[in-house]
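Step one of this worksheet: look at the structure below.
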């Protein structure tokens, strides 16, 4: 399956249901350190990354650096939104593009 990157691993069930792989940018609940950013970029270069999803609840600086280096788009989603169905539809639509 294809791979998506996320600032926080919040799409596990969605990815499992649709044969996607999820790679979290955060490391142990924190923004990645520079060496971790390098490791994530190296991993991503050997996989087909669709896009990188960020959530407003997290510091997304590491995600922005990774997306810029890889030339992939950043999409925002809110895993704590009041209407989770709309959030999942947005994620699905983004991946389908």
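The values are calculated or read from the model by the stated rules, or taken from the named source; none is laboratory data. Just so it is clear, the model here is predicted, and its values are computed rather than measured. Here the Cβ is made from the backbone with ideal geometry for all residues, glycine too, and neighbour counts use every protein chain on show.
Observations
- Considering the conditions (1) in a loop (DSSP other than H, G, I, E, B); (2) out of contact with any strand residue (DSSP E or B) (no Cβ under 9 Å at 6 or more places or on another chain), residue 42 is excluded by exactly one of them, (1).
- Among the residues of region 19-40, the ones that are under 21 Å from residue 1 (Cβ atoms), surrounded by fewer than 15 Cβ atoms within 10 Å (Cβ to Cβ) and either in contact with a helix residue (DSSP H, G or I) (Cβ under 6 Å, 6 or more places away or on another chain) or without any contact (Cβ under 8 Å) to a residue 12 or more places away in the chain (or both) come to 0 in all.
- The test for being free of Cβ contacts under 8 Å to residues at least 60 places away in the same chain and either surrounded by 18 or more Cβ atoms within 10 Å (Cβ to Cβ) or farther than 18 Å from residue 3 by Cα (or both) holds for residue 49.
- Of the residues making up region 59-97, those that are within 20 Å of residue 38 (Cβ to Cβ) and either assigned to a helix (DSSP H, G or I) or at pLDDT below 90 (or both) number 12.
- Among the residues of region 56-76, those that are in contact with a strand residue (DSSP E or B) (Cβ under 8 Å, 6 or more places away or on another chain) and either farther than 18 Å from residue 11 by Cα or surrounded by 19 or more Cβ atoms within 10 Å (Cβ to Cβ) (or both) comprise 60, 63, 64, 66, 67, 70, 72, 75.
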